[in-house]
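Before any comments, here is the structure.
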Amino acid sequence: MSHTAEWKARLYLFEEDQTTKARLELDTGTNKLTGHGTARCAPQDKDVAEIGDELAVARAMEDLALQMKRAAYGDMQAVGAPSHEASSKPYSGRLDMEAS
């Protein structure tokens, strides 16, 4: 099966009062998701904007990744495949039927 898609992502960073916030918007063409992340500079730490950006973006990506997995698990169940959402073992494939 051949498949090509283009997903659009936009990343927004906001910094105010030693707090950096990131908003990562993903548009798949059929679904729109938004991940959020925040990083705060501790009062005793040196305020380095790049570090706050990196942490906030990484956390927004993690949030978005969790949302994407939930969407995929729901789609898997909708087509009759077993969901691996509650599985504690590593998931090695998209539709890894033998592992069930």
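The values are calculated or read from the model by the stated rules, or taken from the named source; none is laboratory data. Quick caveat: nothing in here was measured; it's all calculated off a predicted structure. As a convention, Cβ positions derive from the backbone with ideal geometry for all residues, glycine included, and neighbour counts pool all protein chains shown.
Taking region 28-65 as the range and being part of a helix (DSSP H, G or I), over 22 Å from GLU6 (Cβ atoms) and in contact (Cβ under 8 Å) with a residue 24 or more places away in the chain as the test, the residues that pass are ALA49, GLY52, ASP53, LEU55, ALA56, ARG59, GLU62, ASP63.
Return yes or no: is ALA78 modelled with pLDDT under 95 and exposed (fewer than 14 other Cβ atoms within 10 Å of the Cβ)? Criteria met by ALA78. Of the residues making up region 13-22, at least one is loosely packed, with under 12 Cβ neighbours inside 10 Å, in a strand (DSSP E or B) and over 14 Å from the mean Cα position of the chain (by Cα). Residue count for region 41-66 satisfying the condition of being out of contact with any Cys (no Cβ under 6 Å at 6 or more places or on another chain), at pLDDT below 95 and not small (Gly, Ala, Ser): 8. Please go through region 1-60 and pick out each residue that is over 21 Å from ALA72 (Cβ atoms) and of a type in the set (Phe, Trp, Tyr). Residues satisfying the conditions are TYR12, PHE14. Would you say GLU25 is in a strand (DSSP E or B) and not hydrophobic (A, V, I, L, M, F, W, C)? Taking the combined requirement at face value, the residue satisfies it.
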